[in-house]
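Written below as structure tokens is the structure these notes are about.
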Amino acid sequence: MRIAVIGIGGVGGYFGGKLARHYAAGGEIEVIFIARGEHLRRIQQTGLQQITADGNFTAVPHLATDQPETCGHFDLVLFSVKGYGLESSAAQIKNNVDRTSTIITLLNGVDNVRPLRAVLSEARVLNGCVYIGAHIVEPGVVRQAGGTCQLLFGPEDGNLKGLSAIESVLQNAAIKATLTADIRTVVWEKYLFVSPLASASAYLKQPIGAFVEKSEKRDFLEGLMHEVAQIGIAQGVAISEEMVQAALKKNSLFPYDTKTSLQMDYESGRKIEIDIFTGYIVRKGKELGIPTPLHDKVHAKLNKT
């Protein structure tokens, strides 16, 4: 099996690093990193340095490159790029995959399978979800900053046939991977927490801790969550008020000054993943005829950058 990890940032670096470390001896499994820039050069020179709660180590993939077109066939592909780079990254590996290939998207958002299928129509595309806080500290170094490090994945049609082997490959590399027939609900449950919090924190320029206690800020966040819930319910996702309240309570699990990645990117002037968060809810609201006034307000401000 040849495994390609597309995007070696926090998520791709953590899970790809685990795979590369465990399967370093080669044999039947090869691990390939698709990265770019100085980060790629450091990985090529000295491997990927991992700083994790379980200890520090160096992961050396069988190959690290920015030219996937030269790499041959991929049996399994993990996508962990930013949302705005998904389609272009998929186009890069179009000739590396076929009907025998399996794709797993580990991006934030709930609409990543559709664009991947549009580009990689022959491959089997699975949805996925991770719970981890990780980021690039410097070129060649990735730090896990928190989270349970769970990776859940599965087909949106619920057909698990032929996928248990992939679960085993991931689990054998000490990855907390779970194959599920209900991945759509799993992904939406995470989105219910992550997307409104990203929107609220960037819009109000407040850390996660500002939304813990009862206040106007928390009410604003809760309002965003209810708008997300309405969009999900309208598409057949079973989202309850209990799920909304559970998502609100998750804020207390983070240190007060923790910022969302969207907030950090927005405040630093970097390109932001607005389309998969605020933008998606605004677009779907218009399509489904569901008012989303709070998301409209956030989108109008953040989309100016």
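Within the set 58, 70, 100, the sole residue that is in contact with a Gly (Cβ under 7 Å, 6 or more places away or on another chain) and at negative phi turns out to be 58. Restricting attention to segment 16-58, the residues that are hydrophobic (A, V, I, L, M, F, W, C), surrounded by fewer than 24 Cβ atoms within 10 Å (Cβ to Cβ) and modelled with pLDDT of 95 or more add up to 5. The set of residues from segment 155-184 being touching a Ser or Thr at 6+ places or on another chain (Cβ under 7 Å) and within 17 Å of residue 3 (Cα to Cα) comprises just one member, 166. Condition check for residue 235 on (1) within 22 Å of residue 280 (Cα to Cα); (2) open to solvent by less than 40 Å² (accessible area, probe 1.4 Å): one failure, at (2).
Can you tell me which of 219, 111 is closer than 28 Å to residue 301 by Cβ, of a type in the set (Asp, Glu) and assigned to a helix (DSSP H, G or I)? Working first, answer last.
Working: 111 fails: assigned to a helix (DSSP H, G or I).
Answer to the selection: 219.
Of 182, 157, all but one fail to be among the charged types (D, E, K, R), surrounded by fewer than 20 Cβ atoms within 10 Å (Cβ to Cβ) and without any contact (Cβ under 8 Å) to a residue 24 or more places away in the chain; the exception is 157. In summary, residue 298 fulfils each of the numbered conditions (1) open to solvent by less than 20 Å² (accessible area, probe 1.4 Å); (2) assigned to a helix (DSSP H, G or I); (3) at pLDDT below 95 with the single exception of condition (3).
Please note which helices (runs of 4 or more DSSP H) are completely contained in segment 10-105 and include at least 1 residues that are among the polar types (S, T, N, Q) and in contact (Cβ under 8 Å) with a residue 60 or more places away in the chain.
It comes to 37-46, 86-92.
Filtering segment 111-125 down to residues that are over 21 Å from residue 191 (Cα atoms) and in contact with a helix residue (DSSP H, G or I) (Cβ under 6 Å, 6 or more places away or on another chain), which residue is surrounded by the most Cβ atoms within 10 Å (Cβ to Cβ)? My answer is 120. Scanning for something in contact with a Ser or Thr (Cβ under 6 Å, 6 or more places away or on another chain), surrounded by 21 or more Cβ atoms within 10 Å (Cβ to Cβ) and more than 16 Å from residue 189 (Cβ to Cβ), does segment 210-226 turn up at least one residue? The answer is no; no qualifying residue exists. Looking for something under 17 Å from residue 66 (Cβ atoms) and in contact with a Lys or Arg (Cβ under 8 Å, 6 or more places away or on another chain) - is there at least one such residue anywhere in segment 32-43? Yes, segment 32-43 contains a residue that is under 17 Å from residue 66 (Cβ atoms) and in contact with a Lys or Arg (Cβ under 8 Å, 6 or more places away or on another chain). Tally up the residues in segment 275-295 that are surrounded by fewer than 16 Cβ atoms within 10 Å (Cβ to Cβ) and not small (Gly, Ala, Ser), please. Adding up the residues that qualify gives 6. Of all residues in segment 63-100, those that are within 21 Å of residue 130 (Cα to Cα) and either open to solvent by less than 30 Å² (accessible area, probe 1.4 Å) or among the β-branched types (Val, Ile, Thr) (or both) total 11.
With respect to (1) out of contact with any Leu (no Cβ under 9 Å at 6 or more places or on another chain); (2) open to solvent by less than 70 Å² (accessible area, probe 1.4 Å), the lone exception for residue 272 is condition (1).
Scanning segment 249-266 for residues that are farther than 18 Å from residue 145 by Cβ and loosely packed, with under 13 Cβ neighbours inside 10 Å turns up just one, 249.
The values are calculated or read from the model by the stated rules, or taken from the named source; none is laboratory data. Bear in mind that the values here come from a model prediction, so they are computed numbers and not experimental data. Cβ coordinates were reconstructed from backbone atoms using ideal geometry, including for glycine residues, and neighbour counts include every protein chain displayed. Just the protein is used for accessible areas: all its heavy atoms, side chains included, with ligands, DNA and RNA removed. Shrake-Rupley method; radii C 1.70, N 1.55, O 1.52, S 1.80 Å.
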